[in-house]
């Protein structure tokens with residue numbers, strides 16, 4: 001028996017996925033560093049509050065850096081951070097994004113010496 005949930009418009013959505021919402025949010029940020037929280041929420045299928053909480057988790061643990069640019073946030077991913085689960089810890093966030101999102105490993109900007 002296939003497990004899925006019918007969405008409005010007759011489309012079906014699987015009841016589980018291989019990635020967590022944290023992984024989905026990270027992919028959204030990697031593909032669009034200026035993405036808004038409400039857009040992340042819509043893409044991932046979670047509430048805006050849940051998206052904000054996940055972003056806060058990623059920032060607090062050093063996976064993402066958030067910078068205010070005018071009225072918007074800009075995000076930068078730290079590709080060198082290891083994945084969190086012991087099974088995946090030998091791999092980095094950059095490797096994850098290469099495989100899952102087809103992205104080149106994001107490079108962290110280096111501070112320039114004054």
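The values are calculated or read from the model by the stated rules, or taken from the named source; none is laboratory data. Worth saying up front: this structure is predicted, and the values here are computed from it rather than measured. Positions of Cβ are generated from backbone atoms using ideal geometry, with glycine treated the same way; all protein chains shown enter the neighbour counts.
Looking across the range 8-25 at every residue that is surrounded by 10 or more Cβ atoms within 10 Å (Cβ to Cβ) and in contact with a strand residue (DSSP E or B) (Cβ under 7 Å, 6 or more places away or on another chain), the one that is modelled with the highest pLDDT is identified as 14. Condition check: within 23 Å of residue 13 (Cα to Cα) and either modelled with pLDDT of 95 or more or surrounded by 13 or more Cβ atoms within 10 Å (Cβ to Cβ) (or both). Does residue 81 satisfy that? So residue 81 fails the test. Per the conditions (1) at pLDDT below 95; (2) on the phi < 0 side of the Ramachandran plot, the sole criterion not satisfied by residue 70 is (2). A Cβ distance below 8 Å, combined with a sequence gap of six or more or placement on separate chains, defines the contacts here; from the range 11-26, residues that are on the phi < 0 side of the Ramachandran plot and in contact (Cβ under 8 Å) with a residue 60 or more places away in the chain reach residues that are in a loop (DSSP other than H, G, I, E, B) and surrounded by 12 or more Cβ atoms within 10 Å (Cβ to Cβ) in the pairs 26/63.
At pLDDT below 95 and either under 24 Å from residue 99 (Cβ atoms) or within 15 Å of the chain's Cα centre (by Cα) (or both), is that true of residue 5? Answer is no for this residue.
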